[in-house]
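Student: Handing you this structure, nothing more for now.
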Amino acid sequence: MKRLEVFVESIILASRWLLVVFYIGLGLALALYAVSFGYKLWDFASHLIGMDETETILKILGLIDAALIASLVVMVIISGYENFVSRFDNEGDVHWLGQIDAGSLKIKVASTIVAISSIHLLQIFLNVPQYTDQQIMWYTILHVTFIASAVFLALIDKISKKPGKEKTLDI
């Protein structure tokens, strides 16, 4: 019976390597998104002379938004791999990563989503005539919801990391 238990446990532990397919897929998606970013940058640069200030700001906000999304993807790839698949062998090369556990990753993802939502809301406010009052209200409600979610995640993480508390699995 012990041999069966060891066999099942080894299969379960080995299954974490299936996540590598997802991380490689995210890396490929990031490469495609970089092409999209390059197109947005080229479009911005080629039309810069004829743009007014609001259009220029909107284009720049679009580029910032893309950079935040790309950073979010990289954060998920690296910390997901480190937390759920395997540690990087040469940690000297990735010292800039810091230690991102699953709880910290959730907070960083939520914070990035709030930043992305803020940029989208700012883009909407710069284009108010293109939106109805009801649309603006719903975008604002969604943004406040993202903020509240990020705050609650941070609070839960802080409470769960208090000294003297027993460590539990953070999923």
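The values are calculated or read from the model by the stated rules, or taken from the named source; none is laboratory data. In this text the structure is predicted, and so the values were computed from the model without any measurement. In this analysis, Cβ positions are derived from the backbone assuming ideal geometry, glycine residues included, and neighbour counts consider all displayed protein chains. Only protein heavy atoms, including side chains, enter the accessible area calculation; ligands, DNA and RNA are left aside. Shrake-Rupley method; radii C 1.70, N 1.55, O 1.52, S 1.80 Å.
Student: When the accessible area of the chain is computed with all protein chains present and a 1.4 Å probe, what percentage of it is carbon and sulfur? Numbers along the way, then the final one.
Tutor: Numbers: 8540 of 12190 Å².
Carbon with sulfur: 70 percent of the solvent-accessible area.
Student: Given a cut-off of 21 Å, name the pairs among K106/K158; K59/K108; K106/K161; K106/K162 whose C-alpha atoms lie farther apart than that in the structure shown.
Tutor: K59/K108
Student: Of (1) 16.2, 57; (2) 21.1, 76; (3) 17.3, 54, which one was derived for Rg and Dmax of the Cα atoms in Å from the structure shown?
Tutor: (2)
Student: Solvent-accessible area per residue for segment 1-91 at a 1.4 Å probe radius, Å²? Before the final figure, lay out each step's value.
Tutor: Values: 6440 Å² over 91 residues.
Each residue of segment 1-91 exposes 71 Å² on average to a 1.4 Å probe.
Student: Give, rounded to the nearest 20 debye, the magnitude of the charge dipole that segment 1-79 has about its Cα centre when Lys and Arg contribute +1 at Cβ and Asp and Glu contribute -1 at Cβ. Spell out each step's value before the answer.
Tutor: Values: 5 positive and 7 negative charges, 120 e Å.
Value, rounded to 20: 580 debye.
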